[in-house]
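Data first, discussion second: the structure below is written as C-alpha cells.
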Amino acid sequence: MPIANERVKRSPPLLTMTTALLGEKIRILRQRHQLSQAELADRLGGLSQSMVSGVETGQRQDRDRPSLDFVIRVALLFGVSVDGLLRDDSPIEPVHSVLLGARLGQVACATRFGSKLRALRRQRGWSLAQLAAQLGLRSRAYLSNLERGVKPLPSIESAVRIATLFDVTLDSLVRDDLEITSLHGA
C-alpha cells in the first residue's frame, strides 16, 4: 500500500528531496514494520538511535545529513525504491523483498554508479564540463571523481539532479543489479 495514503504532507514536486519528507517516509515505514528507532538503527548497520531520530525529525545538521548510502540501505531493508524515498512525486510501494531480518552494513550495490553516469553522459555527447554546466556545478572534478570511482556515490541532492537531468530512476543509477531505466518507463 502506498505511503501517499498515510498522511504524508506533500509539497509541489521539487528537483531535490527535502530532509523532512525523507524523514517522514522513513518514520512511516519504520512504524508500519513495528520497529523502534534503535532497532532500525541496528538493522541499518549499527547506526545510532539518535541518527535515525534526527533523520525522522529533520533535525540533522548540514554536516550530519543522511547520505545516499543510508537511503539505499533503508530502501533495501524495507523493500521500497530509492525513488519512492527521495522523490516527492513517487509513492513508496514495495518493489522487492523486505530484508527486515538482515543487518545491513556498507552498501555494496552502488559500485557501478560512475560507469552508468559516464555512459549516460556519452549518450548525450557531453563532455564533463558540459555535464557540470547542466547540473549547475562550478567544476567538473566532482563528476570526474564520480565517474572514476574515486567518490563512489554523490550527495543525495546531486543524485536526484543527475537522475532528473537524464530522466532515469535513481534505483537504476545506484543499484548494480538494475540497468538504466527511464523515469517515465519509455
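The values are calculated or read from the model by the stated rules, or taken from the named source; none is laboratory data. Because the structure is predicted, anything quoted here is derived from the model rather than measured. Virtual Cβ from ideal backbone geometry, glycine too; neighbours counted across all protein chains shown.
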Q. What is the one condition in (1) modelled with pLDDT under 90; (2) under 18 Å from LYS25 (Cβ atoms) that THR111 does not satisfy?
A. (2)
(Q) Quick check on my filter: what residues within segment 144-186 are touching a Pro at 6+ places or on another chain (Cβ under 9 Å) and free of Cβ contacts under 8 Å to residues at least 60 places away in the same chain? (A) LEU146, ILE162
Q. So how many residues does segment 133-155 have that are touching a helix residue (DSSP H, G or I) at 6+ places or on another chain (Cβ under 9 Å), farther than 21 Å from THR111 by Cα and part of a helix (DSSP H, G or I)?
A. 2
